[in-house]
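A short worksheet on the structure shown next.
What follows is calculated from the coordinates using simple rules that are stated; it is not laboratory data. Because the structure is predicted, anything quoted here is derived from the model rather than measured. A quick note on method: Cβ atoms are made from the backbone with ideal geometry, for glycine too, and the neighbour counts reach across all protein chains shown.
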Amino acid sequence: MKILAAQPKLVELVQEAILAEIASGKLPPGARVIQEQLAQELGVSRQPVQQALLLLRNLGVLREAPGRGLQVAPLDLEHVRNMYDVRAVIEGLAFRKAAERNPQRAAAEGPAYIAAGREAVAAGDVARMIQADMAFHAFVYELSRNPLVAPAMDTHWANTQRVMGEVLMRDERPRDIWDQHEALLHALMEGDGRKAEKLAREHIQQAADFMIDRLQREAAPA
């Protein structure tokens, strides 16, 4: 068997770093992504950067730029709508199972995730807000004790992060997101699976409606 030359963990870290720049708006749609520059900024060789860029291109986050190279792809309205449809189902299941199977752990550990999210909002740091949001949802996936939930969501997180970044940068009331998260946590702590699933679906649907409305308005001719 051929020896693998690249370090998978390093490629993953580079991919996450590039995605964070895109999600935070530092690399907006249409921005060219220059391999050599990224390698220098991240302090790594060009090989892991090249592989990370190819992965992001395959996920639709990047696309071929005119001439040569890659650029940040615009968000696609239909893809966003489909992604949120799928996410609402998976998240609803995860929150319901988490409430039914792990209310004690939700009560013991959940408040720290809410506090971290509110601190990120207070700091106005979009990257931290995204990280806190992802950490809270990953915590719920773990509480669900369904090992298929996290892998199912992994395929959507790259584009989900982008959409979250757009929402957080444009939403004048990001604090409301953590009010919703806190309500979700209380449903988990109460062990109320039906309520947790309902709130989770509503939470995802509100984010979807907000982002789709933004995309439609931006796509409309002036």
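Measuring spread by the Cα atoms of segment 8-72 yields a radius of gyration and Dmax of 10.7, 31 Å.
What FRET efficiency comes out for the pair residue 13/residue 145, r = Cβ-Cβ distance, R0 = 30 Å, nearest 0.05?
Values: r = 28 Å, r/R0 = 0.94.
Efficiency at R0 = 30 Å is approximately 0.60.
Seen from residue 85, the other residues with C-beta closer than 15 Å to its C-beta sum to a net charge of -2, counting Lys and Arg as +1 and Asp and Glu as -1.
Placing pseudo-labels 7 Å out from each Cα toward the beta carbon at residue 202 and residue 154 gives an inter-label distance of 3.3 nm. Compared with the dominant principal axis of the Cα atoms in the chain, helix 103-123 is inclined by about 50°.
Relative to the longest principal axis of the Cα atoms of the chain, the long axis of helix 46-58 makes an angle of roughly 60 degrees. The loop-placed trypsin sites (Lys or Arg not before Pro) in segment 90-163, going by DSSP, that have at most 14 neighbouring Cβ atoms within 10 Å of their Cβ come out as 145.
Tell me the net charge near residue 137. Cut-off is 13 Å between Cβ atoms, residue 137 excluded, with +1 for each Lys or Arg and -1 for each Asp or Glu.
Values: positive: 87; negative: 91, 133, 142, 154.
Taking every Cβ under 13 Å from that of residue 137, the sum is -3.
Considering the chain at the alpha-carbon level, its Rg and Dmax are found to be 18.4, 57 Å. Computed over the chain, the per-residue total of -39500 (n - 2.57) for DSSP H runs of n ≥ 4 gives a 222 nm mean residue ellipticity of -25500 deg cm²/dmol, rounded to 500.
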